[in-house]
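The structure under discussion appears below in the form of structure tokens.
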Amino acid sequence: MSSRADQEIAEALAVAPGTEGSIAAAGVGHSYPGRKERVQALGPLDLEVAPGEFLVLVGASGCGKSTLLRLIAGFERPTDGTLTVSGREPEPGKGAGVVFQQPRLFPWRSVGGNVDLALKYAGVEKADRAVAREGLLERVGLGGTADRKIWEISGGQQQRVAIARALAARTPLLLLDEPFAALDALTRERLQEDVRTVSHETGRTSVFVTHSADEAVFLGSRIVVLTARPGRIALDLPVGLPRTGVDPDELRGSPEYAELRAQVGHAVKESAAIRA
Ligand SMILES: Nc1ncnc2c1ncn2[C@@H]1O[C@H](COP(=O)(O)OP(=O)(O)OP(=O)(O)O)[C@@H](O)[C@H]1O
Ligand SMILES: [Mg+2]
């Protein structure tokens, strides 16, 4: 591949210049209207995430993980406290690329067409989009599939398209809400490996929600365990495992990995019983 094309692909994967993906939450809480009174779903909690961190959120069902992600994405405003992304109030679609449990692609568009639309919204000129699109698809293991229809590809491949689309937004933040929960074990492992590498290589700040202690340890540079609803921080654990130049199977088989997984698994069980 020519160095010119390499450079264009690197540009397509990079975040837009002048943005950095820090998150700052101070006293953030969120409540929803209930039948009689408001239901406190989250917090209050304080959380600072530095650019380039890979934060994994774990906690019992209903503790407010998706709520926190929606607040960071700017889909909703917190009912308490202040939350900023890169120093500003988050705006939907502007600061973060989001991947959900279901891929939520446009079924009437091709694989390439789905990525293309995100590039268009990110302000990439039409003439530059084909190279950028191919570079993104290649990066998620889908090189040469741009013309395929969404229904012709597997669930795992669809989730890869959703990740390419989130990267195409060129935002410094990647938010992933149980993106691999519906996939088989092998596909899930492959996608974990790709997300781990691509987020690191492209300098994204990532927030990833999962129920799996194993997934948390493999992906996270930091793991936050939340208490039962309303979710508050029960454990904030830095993960010192190497991010590059390591064989994924070796990493998964290492004693440090096993120890962290046991620690997180234990904290999740304990915290599920804590009502803050
Ligand atoms: N739109 C809403 N209106 C009212 N209550 C809501 C709404 N969304 C979430 N909740 C409530 O807020 C709490 C937290 O929900 P949230 O979806 O954030 O949890 P979660 O940790 O993502 O759970 P899960 O692991 O099951 O996905 C739950 O009790 C839920 O019922
Ligand atoms: Mg959820």
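Summary table
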quantity	calculated
For the range 11-91, convex hull volume per residue from C-alpha positions, Å³	110
Between helix 111-121 and the chain: long-axis angle, C-alpha atoms, 0 to 90°, nearest 10	70
Rg(Cα) / (2.2 N^0.38 Å) computed for the range 1-159, rounded to two decimals	1.24
Sum of -39500 (n - 2.57) over DSSP H runs of 4+, divided by residues of the chain (222 nm, nearest 500)	-12000 deg cm²/dmol
Solvent-accessible surface ranking, highest first, for Y257, Y121, Y32 at 1.4 angstrom	Y121, Y32, Y257
With every protein chain in place, the chain: carbon and sulfur % of accessible area (1.4 Å)	51
Whole-number Å³ per residue for the convex hull built on Cα positions in the range 102-207	94
Whole-number percent relative contact order across the range 178-260, with pairs defined as alpha carbons under 8 Å at least 6 apart	23
Separation of alpha-carbon centers, the range 164-232 and the range 99-133, rounded to whole Å	21
GNM top mover of P179, P242, P44 - the chain, alpha-carbon springs below 10 Å	P242
Too-long pairs where the Cα-Cα distance tops 22 Å, listed order kept, from K36/K65; K65/K269; K120/K149	K36/K65
Cα-based helix-to-principal-axis angle, 3-13 vs the chain, degrees rounded to 10	30
Radius of gyration, Dmax [the chain; alpha carbons; angstrom]	18.6, 64
Cα-Cα separations in the range 155-223 greater than 16 Å, expressed as whole percent	42
J(HN,Hα) series, the range 154-170, from Karplus relation 6.51 cos²θ - 1.76 cosθ + 1.60, nearest Hz, glycine and proline x	6, x, x, 5, 4, 5, 5, 4, 4, 5, 4, 5, 5, 5, 4, 5, 6
Cα extents of the range 175-276 along the three principal axes, largest first (Å)	40, 28, 28
DSSP bridge orientation in the chain - percent antiparallel, rounded to nearest 5	50
For L235, distant residues with modelled amide H under 5 Å away	V225
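The values are calculated or read from the model by the stated rules, or taken from the named source; none is laboratory data. The structure displayed is predicted, hence computed values, not measured ones. With ligands, DNA and RNA removed, areas are computed over all heavy atoms of the protein, side chains included. Shrake-Rupley method; radii C 1.70, N 1.55, O 1.52, S 1.80 Å.
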